[in-house]
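Shown next, in structure tokens, is the structure this report addresses.
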Amino acid sequence: MSATKTKNENIVEIKNLKKYYPITAGIFQRVIGHIKAVDDVSFVIPRGKTVGLVGESGCGKTTISKCILRAVDPTSGEIHLNTEDGTNNVADMREKDLRPLRREMQMIFQDPFSSLNPRMNLFDIVSEPLLLNGIKSRIERQDRVEELLSKVGLRPEYMVRFPHAFSGGQRQRIGIARALALNPSLIVCDEPVSGLDVSVQAQVINLLMDLQDELGLSYLFVSHDLSIVRQISDSIQVMYLGRLVENGTPDEIFSSPKHPYTEALISAVPQADPDVTKNHQTLIGEIPNPSNPPDGCYFHPRCAYATDECKITNPGLTVDKSGRSFSCHNAKDIKLSGLI
Amino acid sequence: MTTKNKLDKETSILEVRGLKTYFYTADGIVRAVDGVDLDIFPKRTLGIVGESGCGKSITTKSILRLIDHPGRIIEGQVNLKGDTPKDTVDITQLKNNGTQLRQIRGGRISMIFQEPMTSFSPIHTVGNQITEAIRLHSNLDKIEANELAEDWLIRVGMSNPSQRLKQYAFELSGGQRQRAMIAMALCTNPDVLIADEPTTALDVTTQAQVLDLLKEMQEKNGMSIIMITHDLGVIAELADDVSVMYLGKVVESGTIRQVFKNPKHPYTQALLSSIPSLATGHRERLPILTGTIPHPQARPKGCPFNPRCKDFIEGTCEISFPEQEIIEEGHLVNCHLYNK
Amino acid sequence: MNYLSRIKNRLLNKNDIPEEIEEPIIQDDVSIQIATQRQLIWRRFKRHRLGFASAIVVLLFYVLVLFADFFSTSLPVKYGAARGFMPPQGIQFFEEGHFLSVCKVNGERDMESFLMVHTQDCNVRESITLFGKGYEYKLWGLFKTERHLFGMTNPDANADEWIHIMGTDKQGRDVYSRLMHGTRVSLTIGLIGVALSIVFGIFIGSISGYYGGLIDSLLQRFIEIIRSVPTIPLYMGFSSAFPEDWTINQVYFMITIIISLFAWTDLARVIRGRFLSLRDEDFVVAARLNGASTMRVVFVHMLPSFYSHVIAQASLALPLMIITETSLSYLGLGLRPPAVSYGVLLKDAQNVQAVAHTPWLFLPGVAVIVVILALNFMGDGIRDAADPYQEV
């Protein structure tokens, strides 16, 4: 792989990523079909920016984050990680080649109660990445843990305490401190505030933004909460049933969505302002079973604008003049409205 | 004692006065509900909003006398009004599991829960459970009850209602289960429906469907709804009146317009400003509420919010809990800032 | 902790303190916050009164195991037909100037029923000394000593002819001493058996749970085969296969092994289940993503969650071992005289005569019930105390 003199402007480039889970039946586990958790997804994460990945259950956003981190192995496709030492395709590298690259990408988990080992104190938890990556000296690790805990707003003397002494918001901070230990370039945040109280969510979101400004981190922010994604992201990717249906900046998405699902999603989000008028487009039906998706465009059974073509062919990703992409046959003809 | 809020409301159908529910645990007394007043009016929705530990769930469970050891309702009244003033019943005084109480539960006051999966019996069909509810509160025979159950499933927008009656809860999707639960709660034509975080576990688009359904049912049936949630957006969309709770006490109450547009209590203000809204700029840092919710056994003295309050008045706020003040008719707040 | 003082110094110099300092949620009790998991579990266990009391009872039983000879008054095999079927004789306090003493018992055979009839003659009396001398034995096989809890003051009097706290059996052997030795044998078979089954159980269970897939399926089928083998015919087969000339100890050892070969399956299944669920816990995933080796993930992250469950499971498996040994020996398939265990002792009570005339022979049964109940309650207590995510 070439080591370019100027750093590549994207830290991660995902091309045609697919993750299919086989469905088996019978004693001999014959494969009778596939769950297409991620179905040909491509996007980039620019360096130092936040990409929001938004969608409902079964859309594949968590699977994508697991593929990037190689917690699961993709079925096909490429995931290019551009670090200072060059570009590597993380998707199909062997585990031992992958190890040094793991320092560059870290994860923050959704559940603050299961993401920390209850039997380890904070020092052990936050310094484990250091220990596993060659920093054996206890003094060095202590210094680093002090630094990390302070950065996330926790008193360093808390390092002797155990996770059960802390609230949900504090535990998320501990998880963030752990993720920062090795100075990664990319942090995948998997619903980091969904399990927290409303007033605490703002603390953690602010912290993430501050850290990004200070350390130049890139984030992949996975969430179902559109309002938070809108606040923190530089660009948003909307997913439905394993496919990318639309992307754009938060302003573009919220004021002029190009895909009917995006429009429905925006109108479904309750706004805490009694004066907001919304284009009330309540979606009919339910999210289909991922093992048995509809033909053609996955969204057509619930789409108010579906035409015959939508029932047969899958619209690929169209990129328009302004650089936005969307996946809809009729985007040019329909007038969608976002938040007014 | 509360002064009555008149506006254009009729007299309340359910009122809670000075409710106190304490839990006597091995570690000490947890004052889950510590003197709560609520008014529920016919055909209006009261939203109870607050974060973890505020006691909103325990309040509604106390209304239905669903509190088990080591919890006890130690003080207060829950007055359910009847056709004439003489018919008013104080639910706290009824014999536990006696006939009168059982008539009220499911008959005049129904409840729906967050996790519909655990609200249904796994070994009875959905139809069985709905008809059971009908027959417990009416004189219909099995066939009539069955017809009524199917009728209700149609009303809640369930597809294939006759088939659904014969299915089990685990065979339905999340949204369908919630609809079935709403049908089960409403089939006895209750005066009040208590909804305890009914949409928290659902996808955003499904949540919109369920909220629409609740609004529609309220218009058609004329019942009142008590909606408990931590999601301010849901409250703004669905509720007419709102009570904000913190650590077992109501700190502010009024109509949606009054509280959301003109919040008076510092906690309400902090809560509203800590959620991202349309007015939030891109990557703007939201004002945060410092500190965390205190441990239930370490409740602060005086006003429970005082350690985190930006308007803390030394010598007053940590000494006594503020009396209720009227901001304007219908808008009440408990805060020393407004002491006349 | 030296780094703690360094930290405190730094804080006093006010370096790098961000504006929003978090406060711990429990204002006062720092000791809870720095308590390790083990300490938390211990606290919770102490509050479970039944479990804690039972743990003390179990501890007392194992003190008996360690000091069986010390507590005994006569050798368990010492017999004397003249003392057959003697009812329990009490020890008297403060009689005739002796702190503790015991009366002479004279036995005569009733010529009609042919039963031995015993009468106490309290004119003839011998004094008992606490921590007195008795028969010689090796404490734990190492130290020769003659000290017993109850010894005769008079060096010419034999404890095995005078002291019979729980009476005697048909051959005149002291039931109390046999009970002490039986406790030792029955409870150690249990322990060794449980230790072996823990080793097997953890090994197989963790492989099965960690790797999943085909390996897991195969191992589970293997476990099911083992569980479906009918045990009694198997034991009968095994015990008849023992060579005639084997010593009691060898037989004892083999029985232990055999019992544990079948008892590990429960533990293996529990451990496998826990491994399967723990494997996907976020903190395990986080460790793997940071490059932790399989060994580290298993030993540092996963197994420590099990200690309390393993202890709970073991304390529930121990009664099973004890009952199994008791039942086998009772049926004559396990230990046989002259070895002594609860089962062997209960075998002597296996007839109508015992019920009618010599009910004290059932006392070992009482011991079995007490120790098994105590172990069960203790296991319940540990299991209830062991949930890591509960608040203190």
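The values are calculated or read from the model by the stated rules, or taken from the named source; none is laboratory data. Computed from a predicted structure; not experimentally measured. Cβ atoms come from the backbone with ideal geometry, glycine included; neighbour counts cover every protein chain shown. Side chains included, ligands, DNA and RNA excluded: accessible areas come from the protein's heavy atoms. Shrake-Rupley method; radii C 1.70, N 1.55, O 1.52, S 1.80 Å.
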Inspect region C:268-283 for any residue being surrounded by fewer than 19 Cβ atoms within 10 Å (Cβ to Cβ), within 23 Å of C:LEU219 (Cα to Cα), within 14 Å of chain A (Cβ to nearest Cβ) and among the aliphatic types (A, V, I, L, M) and give the result as yes or no. no
Yes/no for B:PRO304 being more than 8 Å from chain A (Cβ to nearest Cβ), open to solvent by 20 Å² or more (accessible area, probe 1.4 Å) and either in a loop (DSSP other than H, G, I, E, B) or not basic (Lys, Arg) (or both): no
Check off (1) open to solvent by 40 Å² or more (accessible area, probe 1.4 Å); (2) more than 35 Å from the chain's Cα centre (by Cα) for C:PHE67 and give me the number that stays unchecked. (2)
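Select, from B:THR99, B:THR84, B:THR118, the only residue that is of a type in the set (S, T, N, Q) and open to solvent by less than 70 Å² (accessible area, probe 1.4 Å).
On the way: B:THR99 fails: open to solvent by less than 70 Å² (accessible area, probe 1.4 Å); B:THR118 fails: open to solvent by less than 70 Å² (accessible area, probe 1.4 Å).
Being of a type in the set (S, T, N, Q) and open to solvent by less than 70 Å² (accessible area, probe 1.4 Å) holds for just one of B:THR99, B:THR84, B:THR118, which is B:THR84.
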Given (1) open to solvent by 20 Å² or more (accessible area, probe 1.4 Å); (2) under 20 Å from C:GLN39 (Cα atoms), where does C:GLY381 come up short, assuming only one miss? (1)
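Looking at region C:293-368, what helices (runs of 4 or more DSSP H) fall wholly within it and have at least 3 residues that are of a type in the set (A, V, I, L, M) and farther than 22 Å from C:LEU187 by Cα?
Numbers: elements: C:307-331, C:342-347, C:352-357.
By residue number, C:352-357.
Would a scan of region C:286-305 turn up a residue that is within 14 Å of another protein chain (Cβ to nearest Cβ), under 31 Å from the mean Cα position of the chain (by Cα) and open to solvent by 50 Å² or more (accessible area, probe 1.4 Å)?
Step one: list which residues in region C:286-305 are within 14 Å of another protein chain (Cβ to nearest Cβ), which gives C:286-305.
Filter once more, keeping what is under 31 Å from the mean Cα position of the chain (by Cα): C:298-305.
Going one step further and asking which of them are open to solvent by 50 Å² or more (accessible area, probe 1.4 Å), we end up with C:299-300.
Yes, region C:286-305 has at least one match.
Please list, ordered by residue number, the helices (runs of 4 or more DSSP H) wholly in region C:144-256 having 1 or more residues that are in contact with a strand residue (DSSP E or B) (Cβ under 7 Å, 6 or more places away or on another chain). Spell out how you get there, then give the answer.
Details: elements: C:159-162, C:175-211, C:213-228, C:231-241.
Those helices (runs of 4 or more DSSP H) span C:159-162, C:175-211.
Okay, residues lined up against (1) touching a strand residue (DSSP E or B) at 6+ places or on another chain (Cβ under 6 Å); (2) within 30 Å of B:GLY28 (Cβ to Cβ); (3) in contact (Cβ under 8 Å) with a residue 40 or more places away in the chain; (4) in a strand (DSSP E or B):
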position: B:ILE73; (1), (2), (3), (4): yes, yes, yes, yes
position: B:GLY76; (1), (2), (3), (4): yes, yes, yes, yes
position: B:ASP83; (1), (2), (3), (4): no, no, no, no
position: B:LYS86; (1), (2), (3), (4): no, no, no, no
position: B:ASN97; (1), (2), (3), (4): no, yes, no, no
position: B:GLN100; (1), (2), (3), (4): no, no, no, no
position: B:GLN103; (1), (2), (3), (4): no, no, no, no
position: B:GLY107; (1), (2), (3), (4): no, no, yes, no
position: B:SER110; (1), (2), (3), (4): yes, no, yes, yes
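A:ARG103 - would you say it is surrounded by fewer than 20 Cβ atoms within 10 Å (Cβ to Cβ) and either more than 8 Å from chain C (Cβ to nearest Cβ) or on the phi > 0 side of the Ramachandran plot (or both)?
yes
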On the basis of being in a loop (DSSP other than H, G, I, E, B), among the aliphatic types (A, V, I, L, M) and buried (at least 20 other Cβ atoms within 10 Å of the Cβ), does B:LEU332 make the cut? no
If a residue has to be under 22 Å from C:ALA81 (Cβ atoms) and in contact with a helix residue (DSSP H, G or I) (Cβ under 6 Å, 6 or more places away or on another chain) to count, how many in region C:145-168 make the cut? 5
If you take the residues in region A:141-155 that are closer than 18 Å to B:THR292 by Cα and within 7 Å of another protein chain (Cβ to nearest Cβ), which one is surrounded by the most Cβ atoms within 10 Å (Cβ to Cβ)? A:LEU154
Test: C:LEU375 is farther than 23 Å from C:SER74 by Cα and crowded, with 17+ Cβ neighbours inside 10 Å: yes
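Here's the yes/no breakdown for (1) away from chain A (no Cβ under 14 Å); (2) part of a loop (DSSP other than H, G, I, E, B); (3) surrounded by fewer than 16 Cβ atoms within 10 Å (Cβ to Cβ); (4) in contact with a Pro (Cβ under 8 Å, 6 or more places away or on another chain):
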| site | (1), (2), (3), (4) |
| --- | --- |
| B:GLN269 | no, no, no, yes |
| B:SER277 | no, yes, no, no |
| B:GLY281 | no, yes, yes, no |
| B:THR290 | no, yes, no, no |
| B:LYS310 | no, yes, yes, yes |
| B:ILE319 | yes, yes, yes, no |
| B:PRO322 | yes, yes, no, no |
What about B:LEU232, is it within 10 Å of chain A (Cβ to nearest Cβ) and closer than 30 Å to B:VAL30 by Cα? yes
Selection status of A:LYS136, facing chain C (nearest Cβ under 8 Å) and among the basic types (Lys, Arg): no
Regarding B:MET111, is this residue of a type in the set (A, V, I, L, M), open to solvent by 70 Å² or more (accessible area, probe 1.4 Å) and within 21 Å of the chain's Cα centre (by Cα)? no
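Name the residue that is farthest from the other protein chains (Cβ to nearest Cβ), counting only residues in region B:235-246 that are small (Gly, Ala, Ser) and either more than 27 Å from B:THR11 (Cβ to Cβ) or within 13 Å of the chain's Cα centre (by Cα) (or both). Reasoning before the result, please.
Pass one, region B:235-246, residues small (Gly, Ala, Ser): B:236, B:239, B:243.
Next, from what is left, pick out any that are either more than 27 Å from B:THR11 (Cβ to Cβ) or within 13 Å of the chain's Cα centre (by Cα) (or both): B:239, B:243.
Values: B:ALA239: 10, B:SER243: 16 Å.
Applying the filter and picking the extreme gives B:SER243.
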